[in-house]
Amino acid sequence: MKFSKIALSVVFSIFFSAAGLAQSGALKGFVYLKETGEPAIFVNVILKGTVVGSTTDENGYYTMSNVPLGTYTLIATSIGYETAYKKVTLDRDGQVLSNNLSVGETSVRIDDVTITAERQEAMTTVKMSVNRLTPKKIKKMPSIGGDPDLAQYLQVLPGVVFTGDQGGQLYIRGGSPIQNKVLLDGMVVYNPFHSIGLFSVFETDIIKTADVFTGGFGAEYGGRVSSIMDIKTIDGNNQRFGGKISASTFGSKAFIEGPLRKPKKIGTGGSSFILSYKNSFIDKTAPVFYQYADTAGLPYRFNDVYGKISLKSSNGSKASFFGFRYADEVNYPNVAGFKWTEYGGGTNFVLIPAASTTLIDGTIAYSKYNIASSESNEGVDISNRQSEITGFNAGMNFTSFKGENQTKFGFEILGFTTDFSFLNSVNQTVGQKQNTTELALYLQNRYNVRKFVIEPSFRVQYYASLSTFSPEPRLGFKFNATKKLRIKGAGGFYSQNLISATSDRDVVNLFYGFISGPDNLQDEILNEDGSRTEVGAPLQLGRHAILGFEYDVTRYLNINVEGYYKWFKQLTNLNRNKLYDENKVGGEIPDALKKDFIVETGNAYGIDFSAKYEKKQLSVSMVYSWSYVDRWDGITRYNPIWDRRHNINLLGSYLFGKDQVWSFDARWNLGSGFPLTQTTGFYENIALQGNIGQDITTQNGILGIQYGGLGEGRLPWYHRFDVSIKRKFFLTENSVLEVTGSITNVYNRENIFYVNRVTNERVYQLPFLPSVGVSLTF
């Protein structure tokens, strides 16, 4: 009996000791910049003397869970910032402490820091086929036109192809622009680029982060089958008024920010605003400064405006209200003219529950895009197209943290109306107007298990107008083989309803229209081997598989290699072969000759290699991409116009001079030629009225064009070398004058833009184009 009591007391003692040892709490909070009150992103937050730590996200938010009870020194540290310290005490089980810190910029460079936030993130997240851009990175590009721009940096990313200096569109690992989803503060932007391919609609100075997913993205994102570009803007300086004004031979812009209600101290409640405006006048300066250039190649006009108001509470919760508008116009004499506009607005929010490490965020937004084009032949309009899409999107995300592990789930609702019409090459009208609603739910997890990082996720997308569910499993993984070598992979199922309203035969490929997935497709598609495959729901369907590795050659040199395969199981395209009105002919005419739209399949595969060296003032990178893209439309296997076999980008940036006030940036791009549908002949095109008594011998037709095989020709190789040099002048503590000189196409390479099909006249991309710009930051 005595022995039993002793044994029982020992068991209870061990149990309660273990329970005591298991007691823990959690820490959370935000890190802010002292100078502006903006969130400090990607900052290391650690508990001094322990291995417990975290990294702030794009909101400046950090969390630490399962922290043993006790008193610690909380440290926020990052290269380029002063270190912040704060004493914290966890004294009861389950306690959640909220602590905000602020860090100030420092002129002292720390080159012997062994673990940066970026390196730590690479070891604890999959980061498959994602490039995270910041203004600091973007400004290492040659500042063409006097101003660095997101569009210029996107062109050097692995797997990204731009079709040229003018009217450039973004093609990512075999996907067309319609298959790339672009988000601005959570709002869908339907066309993110201006008519001249050097500029986007996003002002560099207001960008906080831009994440570009070139494939294999998790279930948080959906509604596109190729890629995602997620751009988030700053909230604005809540400490003082400031901004930037600039002008160059290409255009001008202005940006202003400041507090609406200044917080009593950093990290407490307050409100701020940002406002930016950009305007081009290269169409006016070209006849003065660039008389030697083909003026038909510089007929651009564009402007854009963006505004945002942010309201913050003392616990880090915030709400923002934003709006934007941009407009473009371009006209190529005797070829084509284009005009498009987009505007929209919305609100997003971040909520921080008091007794939880969960972060809740959401967006409600509306946008409208319209584009119209007219194609002419010797001054006579031969084709007119117009497209409009009006839509809203709303969603919420719930993110909970447990150490380095994470669980995220949420929902998304989208609704849009598309209106499209055009006249094809045989005078048959193709058109559609449709309303569409999409609903989505997703769950995404991240597990760090020893050397493995596993990110399984699942998304269910419901297309209400088609009464169709699309289950989409996805998986990402990483194996930290050594401290220097990381092997990674990702894959998944993807779907979308929107399709493109572009034509493969466009000489100037600037028309960027939208159509909802039509429901009157053919029942089956003919395969190359003669078999037939049943057509399912009228969706665009894609499958991704990616495998690669990261290797840190030294602390300053990193290489990344990724091989990918995208199988486009089902794509819908405009029927370029349509000859008959479906409503006026019977079943004896095959679908391929009477349907407005046809179903295609496709493949895209390749390998991307990138190497990056960064040390002190020098930054050098090299990107090589080999890729192959094709489509099968039931009749022909062809290469679409963005199929570029080889693409090389070399980029360098160097800071020099006292206080590093000088910077020199350079970029060289080499790319193999794009596919081209050639002109093989001409004929008199007489519009038939459907009347058997029509006398065609007394009618005058217009010039008709006989086309060659689809995409069977190739343009010459493209290459271009750009440089820029900048000099900063520090006027006051907060005022900096910067003068930029840049040259586009240093050795004046004649890269073909288009060839007039009738006159055979060649129009080239941008020639040798020097520019000067001046900016004042205050």
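The values are calculated or read from the model by the stated rules, or taken from the named source; none is laboratory data. Predicted model, so just to flag it, every value in this text is computed and none were measured. When we count neighbours, we look across all protein chains shown, and the Cβ atoms used for this are built from the backbone with ideal geometry, even at glycine. Areas reflect the complete protein model, heavy atoms only, side chains present, ligands, DNA and RNA absent. Shrake-Rupley method; radii C 1.70, N 1.55, O 1.52, S 1.80 Å.
Key figures for this structure:
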| read-out | value |
| --- | --- |
| Boolean, residue 571 is aliphatic (A, V, I, L, M), within 24 Å of the chain's Cα centre (by Cα) and closer than 26 Å to residue 421 by Cβ | yes |
| Strands (runs of 3 or more DSSP E) completely within segment 631-685 that count 2 or more residues being under 30 Å from residue 147 (Cα atoms) | 646-656, 662-671 |
| Those residues of segment 731-743 which are open to solvent by less than 50 Å² (accessible area, probe 1.4 Å) and farther than 22 Å from residue 771 by Cα, in sequence order | 735 |
| Matching residues, segment 560-595, being farther than 30 Å from residue 490 by Cα and touching a strand residue (DSSP E or B) at 6+ places or on another chain (Cβ under 8 Å) | 574, 575, 577, 578, 591, 592 |
| Options 522, 461; residue that is in contact with a helix residue (DSSP H, G or I) (Cβ under 7 Å, 6 or more places away or on another chain), over 30 Å from residue 755 (Cα atoms) and not β-branched (Val, Ile, Thr) | 522 |
| Filter pass, residue 499 being open to solvent by less than 40 Å² (accessible area, probe 1.4 Å), aliphatic (A, V, I, L, M) and over 14 Å from residue 178 (Cα atoms) | no |
| Top-ranked residue of segment 451-473 - restricted to ones that are part of a strand (DSSP E or B) and among the hydrophobic types (A, V, I, L, M, F, W, C), ranked as most open to solvent (accessible area, probe 1.4 Å) | 469 |
| Residue within segment 573-582 that is open to solvent by 10 Å² or more (accessible area, probe 1.4 Å), under 22 Å from residue 538 (Cβ atoms), among the aromatic types (Phe, Trp, Tyr) and in contact (Cβ under 8 Å) with a residue 24 or more places away in the chain present | yes |
| Subset of segment 398-407 that is open to solvent by 30 Å² or more (accessible area, probe 1.4 Å) and part of a strand (DSSP E or B) - its residue that is farthest from residue 327 (Cα to Cα) | 402 |
| Residue 566 over 28 Å from residue 709 (Cβ atoms) and among the basic types (Lys, Arg) | no |
| Residue within segment 574-581 that is charged (D, E, K, R) and assigned to a strand (DSSP E or B) present | no |
| Candidates 605, 613, filtered to the one that is aromatic (Phe, Trp, Tyr), touching a Lys or Arg at 6+ places or on another chain (Cβ under 9 Å), farther than 22 Å from residue 532 by Cβ and assigned to a strand (DSSP E or B) | 605 |
| Residues (more than 11 Å from residue 547 (Cα to Cα) and in contact with a Ser or Thr (Cβ under 9 Å, 6 or more places away or on another chain)) located in segment 469-479 | 470, 472, 473, 474, 475 |
| Segment 735-775, subset part of a loop (DSSP other than H, G, I, E, B) and of a type in the set (Phe, Trp, Tyr), residue farthest from residue 336 (Cα to Cα) | 747 |
| Every pair of residues 6+ apart whose Cβ atoms lie under 8 Å, when the first sits in segment 91-107 and is outside any strand (DSSP E or B) while the second is open to solvent by less than 40 Å² (accessible area, probe 1.4 Å) and among the aromatic types (Phe, Trp, Tyr) | 100/30; 100/32 |
| Test: residue in segment 474-488 that is of a type in the set (D, E, K, R), open to solvent by 20 Å² or more (accessible area, probe 1.4 Å), more than 22 Å from residue 125 (Cβ to Cβ) and at pLDDT below 95 | no |
| Unique residue being under 30 Å from residue 706 (Cβ atoms) and either open to solvent by less than 40 Å² (accessible area, probe 1.4 Å) or at pLDDT below 90 (or both) when the list is 391, 431, 395 | 431 |
| Restricting segment 256-286 to residues that are in contact with a Gly (Cβ under 8 Å, 6 or more places away or on another chain), open to solvent by 30 Å² or more (accessible area, probe 1.4 Å) and more than 30 Å from residue 30 (Cα to Cα), the residue that is modelled with the lowest pLDDT | 281 |
| Filter result for residue 373 (modelled with pLDDT under 90, assigned to a strand (DSSP E or B), closer than 30 Å to residue 307 by Cα and more than 22 Å from the chain's Cα centre (by Cα)) | yes |
| Residue check, residue 289 in contact (Cβ under 8 Å) with a residue 12 or more places away in the chain, open to solvent by 60 Å² or more (accessible area, probe 1.4 Å) and farther than 24 Å from residue 104 by Cα | yes |
| Answer from 81, 62, 85 - the residue that is within 30 Å of residue 614 (Cα to Cα), at pLDDT below 85 and touching a Ser or Thr at 6+ places or on another chain (Cβ under 8 Å) | 81 |
| Pick from segment 744-762, criterion charged (D, E, K, R) and out of contact with any Ser or Thr (no Cβ under 9 Å at 6 or more places or on another chain), ranking: least open to solvent (accessible area, probe 1.4 Å) | 749 |
| Yes/no for residue 363 being part of a strand (DSSP E or B), open to solvent by 10 Å² or more (accessible area, probe 1.4 Å), modelled with pLDDT of 95 or more and among the hydroxyl-bearing types (Ser, Thr, Tyr) | yes |
| Any hit, segment 240-255, residues being under 26 Å from residue 99 (Cβ atoms) and surrounded by fewer than 19 Cβ atoms within 10 Å (Cβ to Cβ) | yes |
| Candidates 628, 683, 613, filtered to the one that is modelled with pLDDT under 90 and among the hydroxyl-bearing types (Ser, Thr, Tyr) | 683 |
| Single condition residue 220 does not satisfy, out of (1) outside any loop (DSSP other than H, G, I, E, B); (2) touching a residue at least 60 places away in the same chain (Cβ under 8 Å); (3) open to solvent by 10 Å² or more (accessible area, probe 1.4 Å) | (1) |
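For (1) closer than 30 Å to residue 194 by Cα; (2) free of Cβ contacts under 8 Å to residues at least 60 places away in the same chain; (3) part of a strand (DSSP E or B), each residue gets a yes or a no:
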{"site": "511", "(1), (2), (3)": "yes, no, no"}
{"site": "520", "(1), (2), (3)": "no, no, no"}
{"site": "542", "(1), (2), (3)": "yes, no, yes"}
{"site": "548", "(1), (2), (3)": "no, no, yes"}
{"site": "587", "(1), (2), (3)": "no, yes, no"}
{"site": "592", "(1), (2), (3)": "no, no, no"}
